1. From largest to smallest, what semi-axes in whole angstrom does the stretch 78-151 give when each is the square root of 5 times an eigenvalue of its alpha carbon gyration tensor?
2. Among 498, 488, 510, which residue has its Cα positioned farthest towards the positive end of the charge dipole of the stretch 485-612, with +1 placed on the Cβ of Lys and Arg, -1 on the Cβ of Asp and Glu, and the dipole taken about the Cα centre?
3. Counting only other residues whose beta carbon sits under 15 Å from that of residue 571, what net charge do I get with K and R as +1, D and E as -1?
4. Provide the three semi-axes, in whole Å and in decreasing order, of the ellipsoid equivalent to the stretch 169-307 as defined by the square roots of 5 times the Cα gyration tensor eigenvalues.
5. Add +1 for every Lys or Arg and -1 for every Asp or Glu among the other residues with Cβ under 11 Å from the Cβ of residue 541, and state the total.
6. Hey, can you find the accessible area per residue of the stretch 51-162 for me, probe 1.4 Å, expressed in square angstrom?
7. Show log10 I(q)/I(0) for the stretch 452-499 at q = 0.23, 0.26, 0.28 Å⁻¹, two decimals, from a solvent-free Debye sum over equal Cα scatterers.
8. Any chance you could look up the accessible area of residue 561 with a 1.4 Å probe, heavy atoms only, rounded to 10 Å²?
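The values are calculated or read from the model by the stated rules, or taken from the named source; none is laboratory data. Quantities reported herein were computed from a predicted structural model and do not represent experimental measurements. Cβ placement follows ideal geometry from the backbone for every residue including glycine, while neighbour counts extend to all protein chains displayed. Only protein heavy atoms, including side chains, enter the accessible area calculation; ligands, DNA and RNA are left aside. Shrake-Rupley method; radii C 1.70, N 1.55, O 1.52, S 1.80 Å.
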Amino acid sequence: MLLLTAVLLLTAPTFAQQRQGTPETMTNIVDYDEATAPSKASSIEKHGFTHGPATESFVGTPTGLTGFYDYQVNGGAAKYIWVNPQNPNKIHVCYMLATDSTSPGGPTRRAGYAFSSNGGATWSSISSVSGIREGFPSMTILNQGGGSYLGVVAYHSQPTGDRLLARAAIDGDEGLSSFAVVSPSDPGANPSVGGNLIWPYITANPAGTRMWMMASFSGGPGTVHFTTYNVASGQFDANWSPTLITEEGDTLGPGGRYNVVVSPSGNRVTMYHLGGPSGRETYVSFSESTDGGATFPAFKRLTKLTPTGPGIGVITTATDSIAPWIGVDAVYRGENLCFVFSTGRYVGGGYQFRGQGIWFWSQATGFRNVVDTTRIQALLGSNWEGYIRPAGAKSQVNHFPIDYPTIGVTPNGDLHCVFVVARRDTSGGTPSAAGFNYYTVAYTKSTDGGLTWSAPRLLETNPTMDFRYPSIAEFNPDNNFVNVVYQQDPQPGSGAFSDQAPVSRAQLLFQRVSTLSASDGRERIADYRLEQNYPNPFNPTTTIAYVLPKAEKVSLKVYDVLGREVATLVNEVKGAGAHATTFDAANLASGVYFYRLQAGSFSQTKKMMLVK
């Protein structure tokens, strides 16, 4: 595989040092390279390996998936959990593990799968979905009708020789754990791709008729492609897509920081990606299909550093313009696309801890901060400064102190975000014996469409045990709780990648998180707001978003240039917060149209352009 030409420096300043003017150390993203991964024999010889304390203390329930592979993903937000939308007690999870402590990245590395039929109280598990070496799994579920959903796990493996190929394994029945492997086309036979295809992520549509897989080609400069699986034929497309690019011509880079998300209706399918050309900041981009995934436009840039140039908007704090770092996830709230991503300050070819946090975006809200350092200091103490320095704690590969957000939704429209945060332990504020901070997982929610977020709370509180790589179920069928998995490890830092942390046995934990105990913590929404429709111009659908400071009877209508009403989009009472609705102009002629929002005494009209 390709190791991108990026360097991770193993020192970085505290916020206190930044305030005193100490030069800020740069850090960049590194992709796992199976060919040059560190040997574990020397690590074990130096540190030994640990199974964890004799009496382990954690809140989550073990899923039965456990092993010596502690580095799960290069970034993004791989999906490790799905819940049957018609039966919240049926839960599917996957996890990467290895049974050989002397070579975690070697022949015993596997993609494990576990299933619970009783809401996560007990689990049945298998350590491998195909029986050969597997890596970097992600999963979805496939609707079979009658309330049954099959687990589907995507992974890369080496079926023959040294070539790595993307695969998917489909279960024979819900929770049966008897998987049949289906293979996308061999990229070696496709001149537009060629070489190895790795880091595959897969998502099915709600009807269970299609699945989309994105994967990276690791040869040359590295590219990203997708393929579609047709359930009726039981086959993937004959060829992978051409190289995916943005509207500006940037080639999407490899690494696995991408995925596919589908709206509840199945009409909207979005591929998204986090990356950027070498020597530039990373950015989130996406391609949203409005015809059920039959066609996709070029990727549109979401974030940018400065007001000029391509991109929907700039994220700013009081002192900095900041850029997405390494974690990104997406979900549909109804038919409205929502993103969360981690950030840092990008200066001079690298990232700094200043500006770190979690941000949210939807067309209805724009960019909104979910978590920043102030909120973490309120949670963990005013002396929290991310990684502990100068006490000796080391940076950890592909991790910021606030990182790896994952987002899900409940039927009432509430949004739920789980993320990781580095913390101090209880022994005088020092890191682990090997010099790494422990991480833990935290939860926050929004009840107003992402405009504001509750004060975060910890899901695990043991300060001398490591918790990271969270994944929240995209759709959680019960408003009272969300379903989350994450890795528990007695040793922080990566033993399977470049941190050279002690080798230890990690495991996947499940937690059903109550949504009722999250304090609201919302700011008051002061004003009405009608947003410009997006996209604009459009053909044939566009989204119109608006914000209400209080519950009101709302009227949202569309008119032609002669003032004739052509559509009523909303005519009902709506609660305070952000709202969005889709306008479908398939039966209208090209031209200029106007949309008017009336809510109480507020009224505003905006123009949009339909181009067919």
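1. 26, 12, 9
2. So the residue furthest toward the plus end is 510.
3. +1
4. One finds semi-axes of 26, 19, 13 Å for the stretch 169-307.
5. In short, -3.
6. Value returned for the stretch 51-162: 32 Å² of accessible area per residue.
7. Rounded to two decimals, the profile gives -1.00, -1.10, -1.15.
8. Number for this one is 100 Å².
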